[in-house]
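Some notes on the structure that comes next.
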Amino acid sequence: ECPGLELPPNNGTCALEERISYLAMLKVLDKQIGTIFNAVKSKGMWERTLVVFAADNGGGVGIGVGGNNYPLKGGKGGDWDGGFRTAALVTGGFLPANVRNTVSNVVLHLCDWYVTFAHLAGANASDPTLYVADVDGVDVWDSLAYGAPEPRSVLHLSPKALLQKDTSTGEWWKLLSLDIGNTLITNPDFPSTDCADPSGNFGCRPLNPAPFGPLPLQYDCGDLDKGHGCLFNLFQDDGEQDNKNLTESARLASMTALLVSLNENYLEPFRGCGQTEVYCNTATYHYGAVDDVFNPTGHPYYGSFVNVNGCDTCVATTAEYFANPTVIQTTHSCNCHTNERDCVFDGLLATISRNLTGRSDCMWEANASLQCVPRPD
């Protein structure tokens, strides 16, 4: 909702409600950012301020979402450039004057901003945490601010997608494999008008606008092991419509080998437990609940309240508690189970379906911590 916002009755031809809502939210966002800028300038802080406005992915093109990535193909949740390639803006008094109001074509990843900010702040961006891959980002400040060569020549987009720079021409090439979702070509007025698929036939918007679940509008780029794949020169074909896999066989082979090699060390991070799963289990099993088989006394460390004087079973968010927390950090899906019943059941299912899913078994540690952990291989 955007209270107090007035939009023209005929704002272009964007008649769909989600598109108008999207534009309205951007208008409010723009106004609020302007308020922040003015406040920073009034405090005399602008010359020491760097502002980066960037997106984590392309706009969603599914039903109920008002995104449009024209002239790029696809959108959020797919491996086409419409899902990856986004606009960004760098401004602020800290930005050198000679690069203001200019356009940069430096290829960078969202994770590069963290490393760049750390460098500017004089901090070490490395994070050699045990069992966790180190930071993938690179420092792009010299390229953006001073015109230095871009630090990347390879960008591993996903297990199915790779960017590689041809250092002899400066052109970036893209390799895609297997099924790629959200395969549609939009026009400038999308989603208020129909869109076309790669063959030119008019189709509908995908049902699923999110990057999770079944991939809508799939296009099969083929298995790299069989010499297939989709190959595009993004400098000449930013819409990814001219597949060069037959005329660039040597490039296809070399990029295939590189993608296969990069995938060997690919790590998909655990993205945390579902809120419903954690909250409901906590309420069901740990807020005074008793289970005669698996949870006869309830969990002594969970509850709906914190920092309650005289409560021995409530979590206390004190320095002593955080030094030795009883609720472990979730680093695996097994950790999401907050009681023995669900932990054992999940482990049983995983054991039965191990050959199908490759999931690890879960086991309940009936010690002082009472937690569900992956069973050692």
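The values are calculated or read from the model by the stated rules, or taken from the named source; none is laboratory data. Since we're looking at a predicted model, the values are computed, not measured. All Cβ positions, even for glycine, are placed from backbone atoms using ideal geometry, and neighbour counts span all protein chains on display. Keep in mind that these areas ignore ligands, DNA and RNA; they rest on the heavy atoms of the full protein, side chains included. Shrake-Rupley method; radii C 1.70, N 1.55, O 1.52, S 1.80 Å.
In nm, to one decimal, how far is the modelled label at residue 268 from the one at residue 248, with both set 7 Å along Cα→Cβ?
For residue 268 paired with residue 248, the spin-label model returns 2.7 nm.
Over segment 138-192, what is the relative contact order in percent, taking alpha-carbon pairs closer than 8 angstrom and at least six residues apart?
On the way: 46 pairs, mean separation 10.5, N = 55.
After rounding, I find 19 percent.
For residue 105 and residue 365, what does the FRET efficiency come to when R0 = 56 Å and r is the distance between their Cβ atoms, rounded to the nearest 0.05? Each step should come with its number before you reach the end.
Details: r = 52 Å, r/R0 = 0.93.
Efficiency, rounded to the nearest 0.05: 0.60.
Leaving out same-chain residues fewer than 8 places away, which lysines sit with a Cα under 18 Å from that of residue 41?
31
When the accessible area of segment 54-188 is computed with all protein chains present and a 1.4 Å probe, what percentage of it is carbon and sulfur?
53
Exceeding 26 Å between C-alpha atoms, which entries from my cross-link table qualify? They are 27/160; 73/244; 76/226; 165/226; 76/244; 27/165.
The answer is 27/160; 76/226; 27/165.
Could you sort 67-77, 29-39, 251-261, 101-111 so that the peptide with the highest average Cβ count within 10 Å comes first and the rest follow in order?
For the peptides 67-77, 29-39, 251-261, 101-111, the packing ranking is 67-77, 251-261, 101-111, 29-39.
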